[in-house]
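Working notes, beginning with the structure itself.
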Amino acid sequence: MTKPFDINRHIIETSLKYDDHTPKERQELENYLKPAIVKKTKPKQLEFDFKAKSEPMNIDISLPPELTKLLEGK
């Protein structure tokens, strides 16, 4: 893939080529054209307790007395 067209880069290159800048302005424009040095960092690992704390669920199911009589009869 090609890099997308950068209009700012094109304007600065043309300006440096044809215009007469002061040394300070020229240095700033040339610094803009230099690729930025980006320091790569490793992703940080967060400390988590990944152990599952599973406990049996205590479910209290109490049926109405009419239903318990019907179920006991079958």
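The values are calculated or read from the model by the stated rules, or taken from the named source; none is laboratory data. Please read these numbers as outputs of a predicted model, since none were measured by experiment. Please note: Cβ atoms are built from the backbone with ideal geometry, for glycine as well, and neighbour counts cover all protein chains shown.
Within the stretch 3-18, no residue satisfies the criterion of being at pLDDT 90 or above and not in a helix (DSSP H, G or I). Residue check: residue 6 meets all listed conditions (1) of a type in the set (D, E, K, R); (2) surrounded by 10 or more Cβ atoms within 10 Å (Cβ to Cβ); (3) over 28 Å from the mean Cα position of the chain (by Cα) but one, namely (3). The set of residues in the stretch 29-74 being at pLDDT 80 or above and of a type in the set (Phe, Trp, Tyr) consists of 32 alone. Applying the set (1) assigned to a loop (DSSP other than H, G, I, E, B); (2) hydroxyl-bearing (Ser, Thr, Tyr); (3) surrounded by 10 or more Cβ atoms within 10 Å (Cβ to Cβ) to residue 41 leaves exactly one unmet item: (3). With respect to being at negative phi and out of contact with any helix residue (DSSP H, G or I) (no Cβ under 8 Å at 6 or more places or on another chain), residue 72 fits the description. Reported count of residues in the stretch 24-62, each being farther than 30 Å from residue 8 by Cα, under 32 Å from the mean Cα position of the chain (by Cα) and of a type outside the set (Gly, Ala, Ser), is 11.
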